[in-house]
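A short worksheet on the structure shown next.
The values are calculated or read from the model by the stated rules, or taken from the named source; none is laboratory data. If you're wondering where the values come from, they're calculated on a predicted model, not measured in any experiment. Note: ideal-geometry Cβ built from the backbone for every residue, glycine included; neighbour counts use all protein chains shown. Note: accessible area is taken over every heavy atom of the protein model, side chains too, but ligands, DNA and RNA are not part of it. Shrake-Rupley method; radii C 1.70, N 1.55, O 1.52, S 1.80 Å.
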Amino acid sequence: MADRERGLAQLERQASSAALRARLNAVATRAARLSLFPIIYAAGALTGVKVTHGAPGTTRLLALGFAVPLAVRAVGVAHARLRRPAPFSGALALDRFYDLRYRVTNALVFSRLPLAERTPLMEAAIDDGVSIAGRVSPRRAVPLRVPRDLPAATVLLAATAGLGLLEAPV
């Protein structure tokens, strides 16, 4: 029984790690995508300031307007971070990647039932899940990825910085 409990604990840790990695990917993707809005606004505002030769009213208005895209990004990233993942999402990710036909998920679900409610088939499913606990890797199942929008955000940020270096003729 001790081996079974150790195997279930290991399987639980692996599923939890896979869920955390998926969540990190989601937050990073959302952060990179929503970073585009403040960068594009900054490029537009910087152009406006240069065209109006730094008129105080325009500059102040554009600076205050920068709060909107920053707030959108902050709220969007906070939403991605605070969103609750689906139950057993980590176990499901392991099952999908290794084509285990829900063996990990079933083992974890059934292990949470009281002993009196478990059938012999559920006990067998738990033992089956424990037997594969050492063979699954959350790192391989849910690799941490560079967000697709990160290169675009980097290029836009560099272009905006370059725009800031330009002098507008008087």
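What FRET efficiency comes out for Ser16 versus Ala116 if R0 is 35 angstrom and r is the Cβ-Cβ distance? Round to the nearest 0.05.
0.85
So, taking all protein chains as they sit and a 1.4 Å probe, how much accessible area belongs to Asp3, in Å² rounded to tens?
Approximately 110 Å² for this residue.
Take each complete run of DSSP H in the chain, measure how far its Cα atoms stretch along the helix's own axis, and keep only those covering 20 Å or more with mean Kyte-Doolittle hydropathy at least 1.6; list them.
Helices meeting the criterion: 150-165.
Enumerate the residues in the stretch 130-160 having an amide nitrogen under 19 Å from the point lying 7 Å beyond the Cα of Phe66 toward its Cβ.
Output list for this probe position: 153-160.
Taking Cα Rg over 2.2 N^0.38 Å straight from the coordinates, which label in (1) 1.30; (2) 1.00; (3) 1.61 is the correct one?
Read-out taken from this structure: (3).
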